[in-house]
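The values are calculated or read from the model by the stated rules, or taken from the named source; none is laboratory data. Please read these numbers as outputs of a predicted model, since none were measured by experiment. No Cβ is skipped: glycine too gets one built from the backbone with ideal geometry, and neighbour counts run over all protein chains shown. With ligands, DNA and RNA removed, areas are computed over all heavy atoms of the protein, side chains included. Shrake-Rupley method; radii C 1.70, N 1.55, O 1.52, S 1.80 Å.
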Amino acid sequence: MQEQHTVGMRLTLGDDATEWAILGNYQDCLESLTRCQDKTGLPHVTCQFYNLPADLSARLEYLEGFGEEVIQKLAG
C-alpha cells in the first residue's frame with residue numbers, strides 16, 4: 001500500500017531478472033543476500049515471493065523453510 005503523499009514511480013527493469021532480483025533455491029538466495037550484506041552492510045531485507053504453491057500448507061512450508069534456511073542464517 002502506497003502512502004497518500006508519495007509519488008508513484010514506475011521502474012523499468014531489464015528482462016534478465018538475475019541482474020536485479022535475488023532468486024533461486026534457499027542456498028542461492030542466502031549466498032546472494034550474504035554478498036549484498038558484505039558489500040553494502042545491508043541491514044534489512046524486504047521479500048516479495050512469486051510463484052508460490054497454490055496450496056496453503058505447501059506455501060506455508062516454503063515460507064517457513066525460507067525463514068529457517070535463509071533469514072535465520074543471514075541474521076545469525
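Taken over the range 55-76, residues that are in a loop (DSSP other than H, G, I, E, B) and of a type in the set (Phe, Trp, Tyr) amount to 0.
Identify all residues within the range 9-20 that are assigned to a helix (DSSP H, G or I) and within 12 Å of the chain's Cα centre (by Cα); write none if there are none. Lay out the reasoning, then the answer.
Step one: list which residues in the range 9-20 are assigned to a helix (DSSP H, G or I), which gives 17-19.
Selection gives nothing.
Among the residues of the range 48-76, write down those that are open to solvent by 60 Å² or more (accessible area, probe 1.4 Å) and closer than 13 Å to LEU30 by Cβ. Of everything in the range 48-76, those that are open to solvent by 60 Å² or more (accessible area, probe 1.4 Å) and closer than 13 Å to LEU30 by Cβ turn out to be GLU68, GLU69, ILE71, GLN72, LYS73, ALA75, GLY76.
Of all residue pairs spaced 6 or more apart or on separate chains, those with beta-carbon atoms under 6 Å, a first member in the range 28-41 that is open to solvent by less than 50 Å² (accessible area, probe 1.4 Å) and a second member that is assigned to a helix (DSSP H, G or I) are CYS29/VAL70; LEU30/VAL70; LEU30/LYS73; LEU33/LEU74.
When we screen LEU52, LEU23, LEU42 for residues that are modelled with pLDDT under 85 and in a loop (DSSP other than H, G, I, E, B), the only hit is LEU42.
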